Amino acid sequence: MTQDELKALVGRAALEHVVENGWVGVGTGSTVNHFIDALATIKHRIRGAVSSSDASTARLRAHGIEVADAAAVDVLPVYIDGADEIDGKGCMIKGGGAALTREKIVADLAQRFICIADESKLVPVLGRYPLPVEVIPMAAPQVARRFAAFGGQSALRVGVLTDNGHPILDVRGLVIADPLSMETEINQWPGVVTVGIFARHRASVCLLGTPGGVRTLTF
Ligand code: 5RP
């Protein structure tokens with residue numbers, strides 16, 4: 001199976017976690033696009049979606065799925081999103097699609113985070129994938145110097161601004177053995193809008209696409 005077929009497999013499998021007549025939090029990316037397409041087949045059984053990006057909002061609306069503002073919702077039963085990497089405890093690197101800030105905001109509203117990913121995303125230790133960090137532009141050089149002290153080499157993502165109008169630093173060379181403490185540390189740095197470590201908002205469940213079918217990891 002191709003990587004895209006594995007993404008489609010878990011996109012469909014995630015329907016099982018959608019709560020009848022409830023709101024569903026929707027992430028961003030190519031795996032989530034498959035989920036959105038599958039969600040359209042049961043759209044009459046949900047109240048609507050809370051979206052984490054302009055791109056996902058457009059796709060949901062194109063399917064005729066109602067999209068509510070995150071600010072209008074107190075709690076979501078479930079949030080479904082992909083990941084760039086996920087470790088054995090459900091901690092993730094996210095932000096490859098530059099949607100990390102709104103993804104963390106919507107995930108924070110949710111009671112359960114269901115990660116959908118092809119098997120290449122499962123890693124023993126986070127950090128091989130460059131860590132995305134949304135920053136305020138004037139802070140970018142200082143944030144890069146702070147990462148250098150941790151062995152990270154930062155580069156601004158060329159030609160990309162987030163839906164919030166900020167640049168992204170991609171940081172290579174990190175070994176994120178303790179994701180929660182690293183997320184906590186980076187969150188203290190002035191000018192960091194969002195770091196793409198999702199440890200406080202780690203997955204409750206990961207549906208992993210493998211050639212043998214969907215493997216369910218529960219954390
Ligand atoms: C977007 C994300 C995505 O979930 C992540 O990049 C995975 O994307 P894909 O499903 O296309 O592999 O965090 O900001």
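Readers should treat all values here as calculations from the given coordinates under stated rules, not as data from a laboratory. The structure presented is a predicted model; accordingly, all values stated were derived computationally and were not measured. In this analysis, Cβ positions are derived from the backbone assuming ideal geometry, glycine residues included, and neighbour counts consider all displayed protein chains.
Estimated from the Cβ-Cβ distance and a Förster radius of 35 angstrom, the FRET efficiency linking ALA71 and ARG128 is about 0.50.
Quarter the surface of the alpha carbon convex hull of segment 97-140 and you get the mean projected area, 4.5 square nanometres.
Calculated on the alpha-carbon coordinates, the convex hull of segment 131-194 measures out at 77 cubic angstrom per residue.
Calculated [222 nm] ellipticity per residue, helices only, for the chain: -7500 deg cm²/dmol; basis is -39500 (n - 2.57) per DSSP H run with n ≥ 4, divided by all residues, nearest 500.
For the chain, the fraction of C-alpha pairs farther apart than 26 angstrom is 32 percent.
Farthest toward the positive end of the dipole of the chain, out of LEU126, HIS63, GLY82, is the Cα of LEU126, where the dipole comes from beta carbon charges about the Cα centre.
Across segment 203-219, computed HN-Hα scalar couplings (Karplus, 6.51 cos²θ - 1.76 cosθ + 1.60, θ = phi - 60°) run 5, 7, 9, 10, 9, 9, x, 10, x, x, x, 8, 9, 9, 10, 10, 10 Hz from first to last residue, x flagging Gly and Pro. For segment 131-194, a simple Cβ point-charge model (Lys and Arg +1, Asp and Glu -1, everything else neutral) yields a dipole of about 260 debye relative to the Cα centre. Scanning the chain for cysteines with no neighbouring cysteine C-beta under 4.7 angstrom from their C-beta gives CYS91. Between THR218 and ILE42, residue separation times 0.36 nm minus the direct Cα-Cα distance comes to 60.9 nm.
Given +1 at the Cβ of Lys and Arg, -1 at the Cβ of Asp and Glu and no other charges, the dipole of the chain around its Cα centre is 100 debye to the nearest 20. Here, segment 178-219 has an Rg and a Dmax of 14.5, 46 Å when only alpha carbons are counted.
For a paramagnetic label modelled on MET138 (point 7 Å from Cα along Cα→Cβ), amide N atoms under 16 Å away belong, within segment 147-167, to 166-167.
Derived value for segment 55-123: Kirkwood hydrodynamic radius 13.2 Å. Basis is the mean of 1/r over every pair of different alpha-carbon atoms. Loop sites here are GluC sites (Glu not before Pro) outside DSSP states H, G, I, E and B with no more than 15 other Cβ atoms within 10 Å. The longest part of the chain free of them is 67-219.
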